[in-house]
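A.B. asks: Just passing along the structure, written as structure tokens.
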Amino acid sequence: MKIVVQKFGGTSLSTKDRRAMVISKILKCKEAGKSVVVVLSAMGRKGEPYATDTLKDLISSTCPGHSLKTLDLLMSCGEIISSSIIGAQLEAMGEKVVILTGPQAGILTDSVFGNAEILAIDNKQILSHLSNGAIVIVTGFQGATELGEITTLGRGGSDTTAAALGVALNAESVDIYTDVDGIMTADPNIVPNAKIIDEINYEEVFQMADKGAQVIHPRAVEISKKGNITIKIKNTMSSHPGTKVHYYTHTGKELYSTRPNKEKLLTAITSKNRISQVSITMDDNLQGDSILFSSLADANISIDMINFFIDKKVFTIDENQIDLTKRLMDRFQFKYNILNACSKVTIIGSRITGIPGVMATVVTALSKENIRILQSSDSHATISCLIKEEDTNKAVNLLHDAFNLNQ
């Protein structure tokens, strides 16, 4: 069987007209001779009656003492509703349809309620139905423990479901449908002339997702990479071919360019707001370093952009962790300063590895508009700069132009 996994997000399911487009995509794939597995999110976004966040608020606002296990059971209902609606529409059109919940589809998870990890998938049930000619609809975002307890997979969980099923079924591709034509060189709400990226490799799209771009969940990219399953990011509302995510190697003269201001070295630029920079003044005391970072870990405070100096430690945190971080610093009497309202702007491209002058281009572009770099970090495929949040949009546009991503 030539299997394609199609995943449709909440915005694609939010209206009657959009659901009709979803049906059209499913039938078109089947008519092309593919065996189709459809993964669905809950319909709509927060505020709409069956959206995941709406269901979450329903219990959280009235029963603040609820368990995560109880919450998972409620939140799993959104995907069941959307799957039933799409399934019923297909049945009314004469299609043979089988609807499976996550547990019925053989998705086994650990017992970390609210953010469970898939341990294994028994694909026998799905393959049996596909061999009988059925369209199989699987509720996204959910699975079950060995004891049969319903779990949810955390933010982006339906992407994770689709990717994991793609690997378990050895699918030709996992087609993730959303409300944009594909992955873009930057957020089009920030950069009006951002371009669709035709092909991108796993590492680059993982970095985009990890650094703030709302394209696909990083966990889904990781699963697809390990299983070598091609992902396609497409638009439910258009026929655009979208972006292909796979083991893609950039070729051509730009790979060897030493002139980043002349050649297109980058793949994309992302930004992430609501970040705070923490600077801690410390003596040259290794025990103090150990206490600091062990305490941060024990408090589940996630830190980023870490810089060590003999007398100072500098890192960033999300703004929602400021109060907890302050309490921890005060408890151990650390001398610290916190700078709020920052943004992390990241340039991404596997072609920048070993190319001189990339950082010089960044600094030159930003300094021309008096945008100060507060901190930086890099990996083999990224360079991140911490700047003031008020400068984010200007900085992204400047770098987008400087690296010729608008061409």
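The values are calculated or read from the model by the stated rules, or taken from the named source; none is laboratory data. Being a predicted model, the structure only gives us computed values, none of them experimental. Heads up, the Cβs are rebuilt from the backbone with ideal geometry, glycines too, and the neighbour counts pull from every protein chain shown. In case anyone asks, the SASA skips ligands and DNA or RNA and just uses the protein heavy atoms, side chains included. Shrake-Rupley method; radii C 1.70, N 1.55, O 1.52, S 1.80 Å.
A.B. asks: When the chain is treated as a GNM, springs tying every alpha-carbon pair under 10 Å, which of 360, 213, 395 comes out with the largest mean-square fluctuation?
C.D. replies: Top of the fluctuation ranking is 360.
A.B. asks: So what is Rg over Rh here for the chain, counting just Cα atoms and using Kirkwood for Rh?
C.D. replies: For the chain, the value is 1.00.
A.B. asks: Mind checking segment 338-407 for trypsin sites (Lys or Arg not before Pro) that DSSP puts in a loop (not H, G, I, E or B) and that have at most 12 other Cβ atoms within 10 Å?
C.D. replies: Answer by residue number: 368, 372.
A.B. asks: Could you work out the longest stretch of the chain that avoids the GluC sites (Glu not before Pro) located in DSSP loops with at most 15 other Cβ atoms within 10 Å?
C.D. replies: 147-368
A.B. asks: Of 226/313; 225/388; 225/326; 34/232; 2/124, which ones are farther than 27 Å apart at the Cα?
C.D. replies: 226/313; 225/388; 225/326
A.B. asks: Also: In whole percent, and with a 1.4 Å probe on the protein chains, what portion of the accessible area of segment 85-139 is carbon and sulfur?
C.D. replies: Ligands and nucleic acids excluded, carbon and sulfur reach 51 percent.
A.B. asks: Let me ask another. If a paramagnetic tag sat 7 Å from the Cα of residue 289 along the Cα-Cβ line, which residues of segment 320-362 would have the backbone N under 14 Å from that point?
C.D. replies: No residue passes the distance filter.
A.B. asks: Report the extension gain between residue 27 and residue 122 in nm, rounded to one decimal, defined as 0.36 nm multiplied by the number of residues separating them, less their alpha carbon distance.
C.D. replies: Full extension from residue 27 to residue 122 adds 31.6 nm.
A.B. asks: Oh, and also: For segment 287-338, rounded, prolate or oblate, judged on the Cα gyration tensor with a ≥ b ≥ c (square roots of eigenvalues), a/c < 1.5 rounded, else prolate if a/b > b/c?
C.D. replies: In terms of gyration-tensor shape, rounded.
A.B. asks: How high is the relative contact order of the chain, given as a whole-number percent (alpha carbon pairs under 8 Å, six or more residues apart)?
C.D. replies: Once normalised by length, the contact order is 14 percent.
A.B. asks: Quick check: the distance between the Cα centres of segment 89-135 and segment 148-191, to the nearest angstrom?
C.D. replies: Using only Cα atoms to place each centre, the spacing works out to 16 Å.
A.B. asks: If you don't mind, there's one more thing I want to ask. With angles folded into 0 to 90 degrees, how steeply does helix 157-168 sit against the dominant principal axis of the chain? Use alpha carbons for both and round to 10.
C.D. replies: Orientation of helix 157-168: about 70 degrees from the principal axis.
A.B. asks: Now for a different question. Given a 1.4 Å probe, how much area per residue of the chain is accessible, in Å²?
C.D. replies: 47 Å²
A.B. asks: Please return the longest stretch of the chain lacking exposed loop sites, where chymotrypsin sites (Phe, Trp or Tyr not before Pro) count only if DSSP places them in a loop and at most 16 other Cβ atoms lie within 10 Å.
C.D. replies: Here the longest segment lacking exposed loop sites spans 1-246.
A.B. asks: Using Cα pairs under 8 angstrom and six or more residues apart, how large is the relative contact order of segment 355-407, in percent?
C.D. replies: With pairs under 8 Å counted, the relative contact order is 33 percent.
A.B. asks: What distance in nm separates the two pseudo spin-label positions at residue 303 and residue 363, each 7 Å out from Cα along the beta-carbon direction?
C.D. replies: 2.6 nm
A.B. asks: Another one. I'd like the orientation of helix 358-367 relative to the chain: the angle between its Cα long axis and the longest Cα principal axis, in ° from 0 to 90, rounded to 10.
C.D. replies: Value to nearest ten degrees: 70.
A.B. asks: With both partners inside the chain, how many of the DSSP beta bridges are antiparallel, as a percent to the nearest 5?
C.D. replies: Taking every DSSP beta bridge within the chain, about 60 percent pair in antiparallel fashion.
A.B. asks: If you don't mind, there's one more thing I want to ask. Using 0.36 nm per residue of separation minus the Cα-Cα distance, give me the extension gain between residue 372 and residue 247 in nm, one decimal.
C.D. replies: 41.4 nm
A.B. asks: Now a separate question. Quick one: if you stick a label point 7 Å off each Cα along the C-beta vector at residue 60 and residue 239, how many nm between them?
C.D. replies: Going from the residue 60 label point to the residue 239 one covers 4.2 nm.
A.B. asks: Taking the Cα atoms only, what angle lies between the long axis of helix 77-92 and the longest principal axis of the chain, rounded to 10 degrees?
C.D. replies: Value to nearest ten degrees: 40.
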